[in-house]
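Remarks on the structure that follows.
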Amino acid sequence: MSTVEAMTTHFVELQDRKRANLARIAKHDAYLVREEPDGTLVWEPATVITEAERKLLQDAALIASIEHTRQNPGSLRRRDRSGAPRGD
């Protein structure tokens, strides 16, 4: 079951320097803003990720492996973290 939040409309007036105070309505600290051809501004909550994180998230084999492990936790192996040397 999904929950759909009701949309709320706010009037935002720009100040002389084309700035707007969003303190009353902003729920996130960062947004990606897209301008539509008709001038509509679409604000999407955003986060910054590193280039390494982006590359990992685009690795389909890695994502599939992680998903497989999540669905089959019994396939995990314990790692020896004692620092003791391994026997040959």
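What follows is calculated from the coordinates using simple rules that are stated; it is not laboratory data. What you see is a predicted model; the values in this text were computed from it and never measured. Note that each Cβ is placed from the backbone with ideal geometry, even for glycine, and that neighbours are counted across all protein chains shown.
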| said: Here are a few candidate values for semi-axes √(5λ) of the Cα gyration tensor in Å: [x] 21, 13, 11; [y] 23, 15, 13; [z] 46, 18, 15. Which one was actually calculated from the structure I just gave you? | reply: [z]
| field | chymotrypsin sites (Phe, Trp or Tyr not before Pro) restricted to the range 1-57 and DSSP loop, no more than 12 other C-beta within 10 Å | value | F11
| task | Using only Cα atoms, find the angle between the long axis of helix 60-71 and the longest principal axis of the chain, and express it within 0 to 90 degrees, rounded to the nearest 10. | result | 70 degrees
| request: Please check the chain for the longest run free of GluC sites (Glu not before Pro) that are loop-located per DSSP (anything but H, G, I, E, B) and have at most 10 other Cβ atoms within 10 Å. | output: 14-88
| query | Among T69, T47, T8, which comes first, then next, by fewest other beta-carbon atoms within 10 Å? | reply | T8, T47, T69
| message | List the residues, sorted by chain then number, that are 5 or more residues from Y31 or on another chain and whose placed amide H is less than 5 Å from its amide H. | response | A46
